[in-house]
1. Could you state the accessible area per residue of the range 1-130 in Å², with a 1.4 Å probe and every protein chain left in place?
2. Can you find, among P17, A33, L105, the residue farthest towards the positive end of the dipole of the chain? Put +1 on the C-beta of Lys and Arg, -1 on that of Asp and Glu.
3. Show log10 I(q)/I(0) for the range 1-130 at q = 0.12, 0.16, 0.20 Å⁻¹, two decimals, from a solvent-free Debye sum over equal Cα scatterers.
4. Test of understanding: what is the full-extension gain from H26 to E118, defined as 0.36 nm times their sequence separation minus their Cα-Cα distance?
5. Is it possible to state the helix-based mean residue ellipticity at 222 nm for the chain, with each DSSP H run of 4+ residues giving -39500 (n - 2.57), the sum divided by total residues, to the nearest 500 deg cm²/dmol? What is it?
6. Which value, in debye to the nearest 20, gives the size of the charge dipole of the chain about its Cα centre, when Lys and Arg are +1 and Asp and Glu are -1 at the Cβ?
7. Using just the alpha carbons, could you tell me how many Å³ per residue the convex hull of the range 59-117 encloses?
8. Tell me, what ³J(HN,Hα) does each residue in the range 72-80 have, in order and in whole Hz, if you take phi through Karplus 6.51 cos²θ - 1.76 cosθ + 1.60 with θ = phi - 60° and put x for Gly and Pro?
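The values are calculated or read from the model by the stated rules, or taken from the named source; none is laboratory data. From a predicted model like this one, the values you see are computed outputs, not experimental measurements. Here the Cβ is made from the backbone with ideal geometry for all residues, glycine too, and neighbour counts use every protein chain on show. Calculation scope for accessible area: heavy atoms of the full protein, side chains included, ligands and nucleic acids excluded. Shrake-Rupley method; radii C 1.70, N 1.55, O 1.52, S 1.80 Å.
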Amino acid sequence: MSSMAYSLYLFTRGEGPLKTSQDLIHQLEVFAAEGLKLTSSVQAFSKQLKDDDKLMLLLEINKLIPLCHQLQTVTKTSLQNKVFLKVDKCITKTRSMMALLVQLLSLCYKLLKKLQMENNGWVSVTNKDTMDSKT
């Protein structure tokens, strides 16, 4: 995803590998599909979390899914002779997705660190209990 984002940025500057509006539209279709794959991965991660953390993460995922579907819809909608309008709508949807992705990935990182700390604490207590029972 970090590669649509960068290609999209370059396109808006008239640079990079995306030369035509159709190139951009195709790249955004890929971006939306990758967003949906990410939501699946994050949902799998959420199954490892406690109830409050899981709910918080699922709420964020539930914001991203419709944005991905909306972007897919916009990329497939035929706007004859209105290419600039279509590109503008795509860029707007992508910008919203990117803002949400920043929040989602930041939250995932915090929850992963929290989960690791909880698991390490549990492992330390378990190891201590095991060592105590041997002495």
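1. With the other protein chains kept in place, the range 1-130 gives 64 Å² per residue.
2. Comparing the listed Cα positions along the dipole, P17 ranks first.
3. Debye output, listed in q order: -0.55, -0.81, -1.07.
4. Values: separation 92, 0.36 × 92 = 33.12 nm, distance 4.26 nm.
My answer for the length gained is 28.9 nm.
5. Values: 4 runs with 111 residues, N = 135.
Rounded to the nearest 500, it is -29500 deg cm²/dmol.
6. Rounded to the nearest 20 debye, it is 300 debye.
7. Working: hull volume 3.5 nm³, N = 59.
Hull volume over Cα atoms, normalised by residue count, gives 59 Å³.
8. Result, rounded to whole Hz: 4, 5, 5, 5, 8, 6, 8, 10, 4.
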